[in-house]
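Just below is one structure, and these are the notes that go with it.
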């Protein structure tokens, strides 16, 4: 998730810098070398990266919440079993 947050921040900062340029400014895209691209192309790419990062972050956050809920459910089941066994005088929860 940290990786996606970094991508999102880079895309946001790049968009902020691109917005300050006039539309006819020559801009260069880094792909191991620099390629001349119209500003509009770079803006579209950065906006898409920003959206993709936000979607990925939301998905990762949802996955974390689901896993936490599953863990809480398992923990709750264990606690109930322990309480039930204790009320019956059993020690099966130790097994």
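Some observations on this one:
- Taking Rg/Rh (Cα atoms, Kirkwood Rh) as calculated from this structure, the corresponding entry among (1) 1.46; (2) 1.60; (3) 0.98 is (1).
- In the chain, Cα pairs under 8 Å separated by at least six residues give a relative contact order of 28 percent.
- Cβ crowding within 10 Å ranks 18, 68 as 68, 18, fewest other Cβ atoms first.
- Taking 0.36 nm per residue of separation and subtracting the Cα-Cα distance, full extension of the segment from residue 44 to residue 23 would add 6.3 nm.
- MRE, 222 nm, helices only [DSSP H, n ≥ 4, -39500 (n - 2.57), over the chain, to nearest 500]: -26000 deg cm²/dmol
- Using the Cβ-Cβ distance between residue 12 and residue 77 with R0 set to 41 Å, the FRET efficiency works out to roughly 0.45.
- Crossing angle, helix 39-88 versus the chain [Cα axis fit, 0-90 degrees, rounded to tens]: 0 degrees
- Acute angle (nearest 10 degrees) that the helix 2-19 long axis makes with the longest principal axis of the chain, alpha-carbon atoms: 30 degrees
No value in this document is a laboratory result; all are computed from the given coordinates. Remember, predicted model here, so these are calculated numbers, not experimental data. We place every Cβ from the backbone using ideal geometry, glycine too, and count neighbours over all the protein chains shown.
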